[in-house]
Amino acid sequence: MIVRISGPDRRSSGPVVDRRLLRSRALRMLRASGSADSELSIALIDDETILELNADHRGIARPTDVLSFSLLEGAFAEHRGALLGDVVIGLETAARQARDAHRSLDDEVARLLIHGTLHLLGHDHEEPEEERVMRAEERRLWWAMRA
């Protein structure tokens, strides 16, 4: 299992995530999801950058908390190797959500990582039954990640 994290570090003036904790949680989550032989890319970015990505890829011109770019499907899926894809987390949005929910930024980022990774693995929440299944899997992975 390989987890690559890019984005701001402790020298950044914006929200700061404990990257060691995030990597540890990501590895536990991959194991629990049955993806122990996979690679995962996590990008921690600012609202301006995630707004651009959201506008370009979803047609929604506002910041969001998490985007997923799966390599399990599409024109080059057969060339992906073990890489599942990219989970892109908007740190400023995540920090606001963490404040509003009275939880730590590290916990909010972990929740977004689970959500984004489930999208990489093919889960969705457009239909009520899909949403029920995805939410149940989010809860299961949350507890596995924290064990």
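The values are calculated or read from the model by the stated rules, or taken from the named source; none is laboratory data. Here the structure is a predicted model, which is why all the values come from computation and not from measurement. With ideal geometry, Cβ positions are generated from the backbone for all residues, glycine too; neighbour counts draw on all protein chains shown.
Data table
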{"read-out": "Inter-residue pairs, beta-carbon under 8 Å, first farther than 17 Å from Leu27 by Cα and in the stretch 71-91, second charged (D, E, K, R) and at pLDDT below 75, 6+ apart", "value": "Leu71/Arg80; Leu72/Arg80"}
{"read-out": "Residue selected from the stretch 109-147 under the condition in contact (Cβ under 8 Å) with a residue 60 or more places away in the chain and among the basic types (Lys, Arg), by the criterion surrounded by the fewest Cβ atoms within 10 Å (Cβ to Cβ)", "value": "Arg146"}
{"read-out": "Residue in the stretch 22-35 that is among the hydroxyl-bearing types (Ser, Thr, Tyr) and over 16 Å from Thr117 (Cβ atoms) present", "value": "no"}
{"read-out": "Residues of the stretch 1-27 classified as of a type in the set (Gly, Ala, Ser) and assigned to a helix (DSSP H, G or I), total", "value": "2"}
{"read-out": "Any hit, the stretch 29-39, residues being aliphatic (A, V, I, L, M), over 14 Å from the mean Cα position of the chain (by Cα), crowded, with 18+ Cβ neighbours inside 10 Å and at pLDDT 90 or above", "value": "yes"}
{"read-out": "Only listed residue being at pLDDT 90 or above, surrounded by fewer than 17 Cβ atoms within 10 Å (Cβ to Cβ) and more than 26 Å from Arg135 (Cβ to Cβ), chosen from Ser12, Ser24, Ser6", "value": "Ser6"}
